[in-house]
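Throughout, read-outs are computed from the coordinates displayed, never taken from laboratory work. This is a predicted model, so every value here is computed, not measured. Here Cβ is always computed from backbone atoms with ideal geometry, including for glycine, and neighbour counts include all displayed protein chains.
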Amino acid sequence: MSSKFALNAVTYRALVTSVPSRIARVFFFFSILICSAAEADTPPSPRAKAIASSIAKFRTSHPFSGEILVADRDGLVFAERYKVSSRQEAVYPYASLSKTFIATAILQFVEKGSIKLENTIAELLPEAGSAKTPWAKQITIKQLLSHTSGLSEYLSHPTFPLFYKERQTSASMWKLIAEGKQETPPGMHYAYRGTNYQLLGLILEAVGKKPLREILQGNIFTPVGMTHTELAGGFEDELVTAGKLPPGASKEDRINFSSAWAEGAVIGTASDLQKFLHALFFTKTLLKESTLATMLHGEIEKPGQKEWVGLGIFSAQEASPPRTLYFHSGAISHYRCEFAVDSQTGKLVIILSNSPDWPIHALVRKLL
């Protein structure tokens, strides 16, 4: 429902209770219909036309299925879905974009004083104090956030193929991670690992004393108004059947969201992701400005990529035009996604796709 329609509806209720007139009711119904028709017939802006043209040219050589959204500080500029059901809201896996939500939740606890970036895993996660996990007394929260823990990837554990076939819990996630190894000393090297964010999920539950799903819902999704976003805990085919995800994967290749969990199990819509990014970057309703600056500050350069590693987000300095871009990408099964924000212009781009091996990154940069 548009804001204009909602306002008219409120005024209508006030009118019919104070003036029980059939003429007044008929007049108001017609005014609503005329207003709604005027909104529906509003032609696209020149900016929206230019964006649509760029996408059309790109799609001639790169077939695409999914949704593309462009916005700025003032709101929505362009939104279109391609080869996807025309139902009101299309939900996609955010995949590794989930890490930005986890980092935001951690930093909210930092603002409250419940967590310090210098805390070690063992200081916050009771079960991590075992002699079997000596690395837990050395690795800090900041190192988990910046992928500099040096831990091995839980996805590479020999039992992971069996792990992926069953519904998992926080306890089973910890058991798998605890059997991993430390490959390099903490703080020395950047290596992107889902393990880091699974541990952060466990820490959030320990500190917040609630399931991760409830923490994200109460601290981020609900305050921002993300009504179509959740931390999924089942299998992809169940979510497709429930009408929450666009179809695509076979049952043999279905996603087990309970194993993706903190590092990749948030699902939602393009418009909900826009709400999150707007609250994070522009209205500062999720984090204080100083905390956001800490999150965005890149201290470590990704080897050979001219990109910097922040806390749950990456950045790139571009010379032409001069700007700093903040972004994160994700991939899970046949889904691909990415968001990027231009800090100078306030422009943001979101692409959610169920087209595998599609060059999202190139189009995001083009639209910015």
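Across the chain, the relative contact order, built from alpha-carbon pairs under 8 Å that are at least six residues apart, equals 21 percent.
Shown in residue order for region 64-71 are the 3J(HN,Hα) couplings computed by the Karplus curve 6.51 cos²θ - 1.76 cosθ + 1.60 at θ = phi - 60°: 9, 10, x, 9, 10, 9, 10, 9 Hz (x for Gly and Pro).
Annotation: amide H of V266 within the under-5 Å range of Y94, A95, S98, A232, sequence separation 5 or more or interchain, hydrogens built in the peptide plane.
Going through [x] 22.2; [y] 25.0; [z] 23.6, the figure that equals Kirkwood radius over Cα pairs in Å as computed for the structure here is [x]. For region 126-142, the Karplus equation 6.51 cos²θ - 1.76 cosθ + 1.60, evaluated at θ = phi - 60°, returns couplings of x, 5, 8, x, 5, 5, 6, 10, x, 4, 5, 8, 10, 7, 9, 4, 4 Hz by residue, with Gly and Pro reported as x. Given Cβ point charges of +1 (Lys, Arg) and -1 (Asp, Glu) and nothing else, what value in debye, to the nearest 20, does the dipole of region 92-150 about its Cα centre take? It works out to roughly 80 debye.
Would you mind checking the pairs K302/K347; K116/K137; K112/K284; K83/K275 and listing those with alpha carbons more than 18 angstrom apart? Cα-Cα > 18 Å for K302/K347; K83/K275; rest within. Entry note, the chain: the mean residue ellipticity at 222 nm calculated from DSSP H runs of n ≥ 4, each adding -39500 (n - 2.57), is -11500 deg cm²/dmol after division by the residues and rounding to the nearest 500.
Rg of the Cα atoms in region 126-274, relative to 2.2 N^0.38 Å, amounts to 1.10. Relative to the dominant Cα principal axis of the chain, helix 194-208 is inclined by about 80°.
Projecting the Cα atoms of L245, I255, I141 onto the charge dipole of region 92-367, computed from C-beta unit charges around the Cα centre, puts I141 farthest toward the positive end. Backbone geometry of region 301-307 corresponds, through the Karplus equation with coefficients 6.51, -1.76 and 1.60 at θ = phi - 60°, to 3J(HN,Hα) couplings of 8, 5, x, x, 10, 6, 10 Hz, x marking Gly and Pro. Contact order, relative form, for region 141-250: 29 percent (alpha carbon pairs under 8 Å, 6 or more residues apart, mean separation divided by residue count).
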